[in-house]
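Read-outs: derived from the displayed coordinates by stated rules, not from any lab. Keep in mind it's a predicted model, so treat the numbers as computed, not measured. Cβ placement follows ideal geometry from the backbone for every residue including glycine, while neighbour counts extend to all protein chains displayed.
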Amino acid sequence: MTGNLTIINQSGAALDLINLEGITGYIVAEERPLVSYEIALTLVNSAEMRSLNRRFRGQDATTDVLSFTVEGDDLPIQIRDEVLIGDIVIDINQIEKQRGHINVKDELIRVYIHGLLHLLGYDHIRSQDKEVMEQTEQKYLTRMKGTNVGQQ
């Protein structure tokens, strides 16, 4: 499995980014071992996220993360030729607001994993799907603690 994660920081915030490439590779290898990936992560401010959320979801509000996959034919998850291609957009201001007692890095990792799971086909519209997604998200968050995955 090979992959590439491109990070674009349009937020204006100075960030000490953790190794999201390592997290991405680990989770994609666990979920879809034969799939490579090309993912772009864009960090934005709340005004840009609100604009994107309004444009693509019809919601005139900010959100912490949006995930976009390449349009596919009838694939259950958007994988073409064994390559997962997608975009994740994270509102860095929202991360700061909702982080509670944890640091910005840990909240960024949590939200990034959430967005990545969306690219891998997870959703939380129905309650049973939400439960599965939350359990999977927690599984990876737990695995990231105490390892060097996600550390630089």
Worksheet entry | Antiparallel DSSP beta bridges within the chain, percent to nearest 5 | 30 percent
Worksheet item: Full extension from residue 9 to residue 96: what is 0.36 nm times the residue separation minus their Cα-Cα distance, to one decimal in nm?
Response: 29.8 nm
Worksheet item: Spin-label point model (7 Å from Cα, Cβ direction): what's the residue 131 to residue 38 distance in nm?
Response: 3.9 nm
Response to the item:
Helix-only [θ] at 222 nm, the chain, -39500 (n - 2.57) per DSSP H run of 4+, per residue, nearest 500, equals -13500 deg cm²/dmol
Worksheet, complete the sentence: So for the chain, using the alpha carbon gyration tensor with a ≥ b ≥ c as root eigenvalues (a/c under 1.5 gives rounded; past that, a/b versus b/c decides prolate or oblate), I'd call it rounded
Worksheet entry | GNM top mover of 137, 31, 96 - the chain, alpha-carbon springs below 10 Å | 31
Worksheet item: How much net charge surrounds residue 40 when only the other residues with a Cβ under 13 Å from the Cβ of residue 40 are counted, with Lys and Arg +1 and Asp and Glu -1?
Response: -3
Fill in: For the chain, built as a Gaussian network whose Cα springs stay under 10 Å, the top-fluctuating residue of 57, 110, 32
57
Worksheet item: In the Gaussian network model of the chain, springs joining C-alpha atoms below 10 Å, which of 142, 42, 63 carries the largest mean-square fluctuation?
Response: 142
